[in-house]
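Here the structure comes first, spelled out in structure tokens, and everything after it is commentary.
The values are calculated or read from the model by the stated rules, or taken from the named source; none is laboratory data. These numbers come from a predicted model, not from an experiment. Note that each Cβ is placed from the backbone with ideal geometry, even for glycine, and that neighbours are counted across all protein chains shown.
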Amino acid sequence: MTVLSANRETTRKEGGLKSHPCEVDTLYKGAMVAITPAGYAIAMAATAGYTMGGVSYEKVVCAAQAAENVRLYTEGLFKFAATSISQAMVGQAMYAVDDQTFDDEPGAEAIFVGILAEYVSATEGWLDIGPAIGQRATKRVPIITKTDDYTVLEEESGAVFLTATDAKTFVLPATKKGLEYTFVNYGADAAVLLTIDPNGADLIAGNDLIGNDGGALTNTKATAKRNDMVKLVGDGGNGWIIVTCIGVWAVA
């Protein structure tokens, strides 16, 4: 196409109301509605990959994917239930709990549903949904403190683990590409031996360290400093790559 040389009658739609194909679900009038990663409207829930689609203009029962469309309000202020909010939170981001409830705490999936525009009570408020439409979740990094030996889970990828207890071991899952964990020695100087134990078929390497399959990585107690840390990323093949390291570490 070339640049315009005359006026153009451009097709337009009114803003504020948008139609979406539905996932198999019942969407009630007045409910918060999410958009799935595949692009279908579904009742809002704190589910990974969902984004805020809007507030349902009508009730729709969808028996098959894309068999029905639902019209959604995509701007405006709507009064919904809240888990626990306060007047001081006006102007702050709010996050999905279910299709009629929000909270100031992001939860595991951090699905942004709007800005608290007006406080009604600790369990009710007016949401301005416009800023949230289509916005991807921004997750907080989980920070997990342990005082005993712990077997790390795949679903905890991205977490930061703290320990201030001497002679504790974190056992890694089998390597998978992209799994990522950070371990921090949170104890006093020279007081805590921190050990990270990989799967028997995996090694830990990086920062001039090359381990053997099944060889543990340790933050040496005698030279340990508070906040010594290591960040590991799984390569899905040989084991774990040390991408960040502070302090004196040794690998077997």
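A few points about this structure:
- One residue alone among Glu75, Glu9, Glu14, Glu58 is touching a helix residue (DSSP H, G or I) at 6+ places or on another chain (Cβ under 8 Å), not in a strand (DSSP E or B) and not aromatic (Phe, Trp, Tyr), and that residue is Glu75.
- With respect to the conditions (1) crowded, with 17+ Cβ neighbours inside 10 Å; (2) at pLDDT 95 or above; (3) out of contact with any Cys (no Cβ under 9 Å at 6 or more places or on another chain); (4) under 22 Å from Asp25 (Cβ atoms), Asp128 falls short on a single one, namely (4).
- Some residue of the range 20-36 being in contact with a Ser or Thr (Cβ under 6 Å, 6 or more places away or on another chain) and among the basic types (Lys, Arg): yes
- Residue list for the range 117-130, restricted to those being under 21 Å from the mean Cα position of the chain (by Cα) and farther than 24 Å from Gly15 by Cα: none
- Scanning the range 194-202 turns up at least one residue that is without any contact (Cβ under 8 Å) to a residue 40 or more places away in the chain, within 30 Å of Gly107 (Cβ to Cβ) and not assigned by TED's automatic domain parsing to the domain that holds Ala48.
- Taken over the range 94-116, the criterion of being more than 15 Å from the chain's Cα centre (by Cα) and in a strand (DSSP E or B) is satisfied by Asp98, Thr101, Phe102, Asp103, Gly114, Ile115, Leu116.
- Inspection of the range 151-174 identifies no residue that is at pLDDT below 95, in contact with a Phe, Trp or Tyr (Cβ under 9 Å, 6 or more places away or on another chain) and over 30 Å from Pro37 (Cβ atoms).
- Residues of the range 212-236 satisfying the condition of being among the charged types (D, E, K, R) and under 20 Å from Ala201 (Cβ atoms): Asp213, Asp235
Yes/no matrix, rows are residues, columns are (1) crowded, with 18+ Cβ neighbours inside 10 Å; (2) outside the structural domain of Leu127 (by TED's automatic domain parsing):
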site	(1), (2)
Arg8	no, yes
Ala48	no, no
Ser56	yes, no
Val60	yes, no
Ala81	no, no
Met89	no, no
Asp104	no, no
Glu109	no, no
Val113	yes, no
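- Candidate set from the range 140-187 (those that are of a type in the set (A, V, I, L, M, F, W, C), touching a residue at least 24 places away in the same chain (Cβ under 8 Å) and part of a strand (DSSP E or B)); member that is surrounded by the fewest Cβ atoms within 10 Å (Cβ to Cβ): Val171
Results for (1) under 17 Å from Thr163 (Cβ atoms); (2) modelled with pLDDT under 95; (3) of a type in the set (Gly, Ala, Ser), shown as yes or no for each residue.
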site: Leu203; (1), (2), (3): no, no, no
site: Asp213; (1), (2), (3): no, no, no
site: Ala216; (1), (2), (3): yes, no, yes
site: Lys225; (1), (2), (3): yes, no, no
site: Lys231; (1), (2), (3): yes, no, no
site: Asn238; (1), (2), (3): no, no, no
site: Ile241; (1), (2), (3): no, no, no
site: Ile246; (1), (2), (3): yes, no, no
site: Trp249; (1), (2), (3): yes, no, no
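- When the range 107-122 is filtered for residues that are out of contact with any Leu (no Cβ under 8 Å at 6 or more places or on another chain), β-branched (Val, Ile, Thr) and modelled with pLDDT of 95 or more, only Val120 remains.
- The number of residues in the range 200-214 being at negative phi, surrounded by fewer than 20 Cβ atoms within 10 Å (Cβ to Cβ) and assigned to a loop (DSSP other than H, G, I, E, B) comes to 4.
- Lone qualifier among Asp99, Asp104 - being at pLDDT below 95 and not hydroxyl-bearing (Ser, Thr, Tyr): Asp104
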